[in-house]
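S.K.: Quick one: the structure is below, and I'll ask about it shortly.
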Amino acid sequence: MDIKAKADAGQMSANKPPQLSLVVPTYNEAGNVVVLVEKLDAVLVDIDWEITFVDDNSPDGTADVVKELGQSKPNVHCIKRIGRRGLSSACIEGMASSTAPIVAVMDGDLQHDETVLPKMFEMVSAGKDLVLASRFYGGQTAEEGLSKFREMGSNVANWIANLITGAKISDPMTGFFMLKRERFEQVVPKLSSEGFKILLDIIATARNMGKPLDIGEVGFKFRARHDGESKMSPLVAAQFLGLALSKIMGGLLPVSFILFAAVGAVGVVVHLATLTFAAERMAFNFTNAQLLATLVAMISNFHLNNILTYANQRLRGFKYWQGMLSFIAVCAFPAIANVSISTFIYEQNSLFYLAAIAGIIISMVFNYAMTRIFTWRVK
Ligand code: GDD
Ligand code: MN
């Protein structure tokens with residue numbers, strides 16, 4: 001009997017093709033996985049569904065828990081990524097590797113109320129391209145799950161987000177949404193995969209391609225985290241601003257370049273502060289003060305880029321020091337070139353600032369391109 005005949009005869013009823021693929025990114029959610037699947041079992045009774053956990057090799061063994069569950073439940077899958085981190089890229093890989101005509105993303109910490117899933121499924125089936133579960137729709141407040149400070153930050157971020165997406169939606173930053181697979185496949189080649197805000201990216205990218213999404217919303221109550229801790233941080237907020245800027249410019253500059261440039265700007269301040277301190281307090285002569293300031297700025301730039309720009313490739317332990325050396329080695333080239341060129345121009349005494357600015361931009365592009373390859377080894 002061929003596969004189709006077997007299926008028709010009901011021998012494969014346990015393997016009915018999924019109508020809905022759920023994707024859950026996880027990092028240290030071992031204590032939440034089983035409870036989540038139980039809750040989904042209870043609520044998704046009329047839908048054939050599968051779930052893919054995309055785990056970045058969590059130290060707490062989340063992937064092992066998922067795999068054990070998959071041994072008794074054939075609709076539970078696990079993608080275990082080694083040596084990589086990142087929420088957006090996890091969501092993208094989960095969606096790309098699943099099969100149902102409708103896909104959804106939700107968190108693995110039980111903050112997202114699974115009982116709204118059937119309603120979302122109904123709306124997408126009825127024609128919406130994308131339905132998001134909003135923490136603020138229909139009089140919802142996020143009191144339980146968000147601190148006052150985070151709620152304020154969240155409002156500002158929403159305002160910027162609406163500007164980028166051009167859509168008036170109550171919660172563009174939610175991590176809980178469902179969409180038609182065909183619309184996902186359409187935008188996926190142009191998604192950023194860097195940073196935290198996959199939904200925002202999907203909506204903005206569709207719009208930039210001239211094919212805006214027809215979006216629906218349902219409200220839900222953002223629950224307090226069940227187990228473990230949040231990965232939200234000021235760094236994530238800075239990455240979000242980088243993504244926003246990149247999208248506002250229609251993706252002209254990659255997020256990592258924008259963050260690299262922002263770190264460079266901080267580096268200029270560090271440089272000038274060190275220079276002043278060394279010259280005035282430590283009585284260094286100008287050349288020595290410059291040397292010290294350059295070194296301090298390089299070290300600070302390396303550290304900031306390592307935790308912010310390349311958070312997903314962050315170097316630790318021995319590799320951290322190795323990375324710092326390679327970063328300094330790379331940046332020394334344009335630094336030396338800059339000093340000699342600016343000295344030359346200074347002597348000519350014309351177009352001083354213009355030349356200085358050109359020098360800074362050229363060395364930044366050089367440093368970005370080279371350290372990406374030699375320090376963080378981005379493939
Ligand atoms: N694979 C993978 N890799 N998963 C990750 C990573 C990562 O680097 N970082 C976080 N996750 C998983 C977590 O395990 C969780 O299932 C989900 O992504 C959300 O992470 P949280 O750390 O719980 O984020 P949050 O609760 O602070 O933020 C949530 O709410 C925000 C709105 O305030 C997320 O849904 C955000 O996307 C959302 O914007
Ligand atoms: Mn959470």
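S.K.: Test Gly138 against the stated conditions and say whether it is farther than 19 Å from Arg225 by Cα, surrounded by fewer than 17 Cβ atoms within 10 Å (Cβ to Cβ), at pLDDT 95 or above and more than 15 Å from ligand 1 (Cβ to nearest atom).
M.R.: So Gly138 fails the test.
Conditions (1) within 11 Å of ligand 1 (Cβ to nearest atom); (2) within 21 Å of Val54 (Cα to Cα); (3) at pLDDT 95 or above; (4) not in a helix (DSSP H, G or I), marked per residue:
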site: Pro118; (1), (2), (3), (4): no, no, yes, no
site: Glu122; (1), (2), (3), (4): no, no, yes, no
site: Gly127; (1), (2), (3), (4): no, no, yes, yes
site: Glu143; (1), (2), (3), (4): no, no, no, yes
site: Phe149; (1), (2), (3), (4): no, no, no, no
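S.K.: Where residues in the stretch 226-280 are among the aliphatic types (A, V, I, L, M) and not in a helix (DSSP H, G or I), which of them is farthest from ligand 1 (Cβ to nearest atom)?
M.R.: Ranking the qualifying residues of the stretch 226-280, first place goes to Leu252.
S.K.: Under the condition of being modelled with pLDDT under 85 and of a type in the set (D, E, K, R), which residue from the stretch 342-379 is farthest from Ser256 (Cα to Cα)? Write out each step before concluding.
M.R.: Going residue by residue through the stretch 342-379, those that are modelled with pLDDT under 85 are 342-362, 378-379.
When the remaining residues are screened for being of a type in the set (D, E, K, R), the result is 347, 379.
Details: Glu347: 36, Lys379: 13 Å.
Checking each candidate, the answer is Glu347.
S.K.: Could I ask something else about it? Exactly one condition in (1) in contact with a helix residue (DSSP H, G or I) (Cβ under 8 Å, 6 or more places away or on another chain); (2) assigned to a loop (DSSP other than H, G, I, E, B); (3) over 21 Å from Lys180 (Cα atoms); (4) at pLDDT 95 or above is not met by Ile79; state its number.
M.R.: Checking Ile79 against (1) in contact with a helix residue (DSSP H, G or I) (Cβ under 8 Å, 6 or more places away or on another chain); (2) assigned to a loop (DSSP other than H, G, I, E, B); (3) over 21 Å from Lys180 (Cα atoms); (4) at pLDDT 95 or above, the one that fails is (2).
S.K.: How about the stretch 32-76: which of its residues are in a loop (DSSP other than H, G, I, E, B) and polar (S, T, N, Q)? Give the derivation first.
M.R.: So the first thing to find is which residues in the stretch 32-76 are in a loop (DSSP other than H, G, I, E, B), and the list is 32, 44-48, 56-61, 73-75.
Residues satisfying the conditions are Asn32, Asn57, Ser58, Asn75.
S.K.: Still on this structure, please answer the following. Which pairs turn up if I take residues in the stretch 323-335 that are of a type in the set (Asp, Glu) and look for partners that are at pLDDT 95 or above and not in a helix (DSSP H, G or I) with beta carbon separation below 9 Å, at least 6 apart in sequence or on another chain?
M.R.: Once the first residue is of a type in the set (Asp, Glu) and sits in the stretch 323-335, no partner that is at pLDDT 95 or above and not in a helix (DSSP H, G or I) comes close enough.
S.K.: A further question on this structure: Determine if the stretch 238-253 includes at least one residue that is of a type in the set (D, E, K, R), surrounded by fewer than 20 Cβ atoms within 10 Å (Cβ to Cβ) and farther than 20 Å from Asn301 by Cα.
M.R.: no
S.K.: Right, here's the next one. Say we look at the stretch 90-114 and pick out the residues that are part of a loop (DSSP other than H, G, I, E, B) and under 13 Å from Leu199 (Cβ atoms); which of these is nearest to ligand 2 (Cβ to nearest atom)?
M.R.: Asp107
S.K.: Next question. Considering only the stretch 87-106, state which residues are buried (at least 22 other Cβ atoms within 10 Å of the Cβ) and within 12 Å of ligand 1 (Cβ to nearest atom).
M.R.: Residues satisfying the conditions are Leu87, Ser88, Ala90, Cys91, Ile92, Gly94, Val105, Met106.
S.K.: Does at least one position in the stretch 153-160 carry a residue that is closer than 14 Å to Ile203 by Cα, within 19 Å of the chain's Cα centre (by Cα) and in a helix (DSSP H, G or I)?
M.R.: There is at least one residue in the stretch 153-160 that is closer than 14 Å to Ile203 by Cα, within 19 Å of the chain's Cα centre (by Cα) and in a helix (DSSP H, G or I).
S.K.: So, Leu199, is that one within 15 Å of ligand 2 (Cβ to nearest atom) and of a type in the set (A, V, I, L, M, F, W, C) or not? Write out each step before concluding.
M.R.: Values: within 15 Å of ligand 2 (Cβ to nearest atom): yes; of a type in the set (A, V, I, L, M, F, W, C): yes.
Taking the combined requirement at face value, the residue satisfies it.
S.K.: Those residues that are surrounded by fewer than 19 Cβ atoms within 10 Å (Cβ to Cβ) and part of a helix (DSSP H, G or I), I need them from the stretch 162-182; list them, please.
M.R.: If the condition is that a residue be surrounded by fewer than 19 Cβ atoms within 10 Å (Cβ to Cβ) and part of a helix (DSSP H, G or I), then Asn162, Leu163, Arg181, Glu182 are the ones that fit.
S.K.: Can you confirm whether the stretch 191-198 contains a residue that is within 25 Å of Leu132 (Cβ to Cβ) and surrounded by fewer than 15 Cβ atoms within 10 Å (Cβ to Cβ)?
M.R.: no
The values are calculated or read from the model by the stated rules, or taken from the named source; none is laboratory data. Keep in mind that what you see is a predicted model, and the values were worked out from it rather than measured. We place every Cβ from the backbone using ideal geometry, glycine too, and count neighbours over all the protein chains shown.
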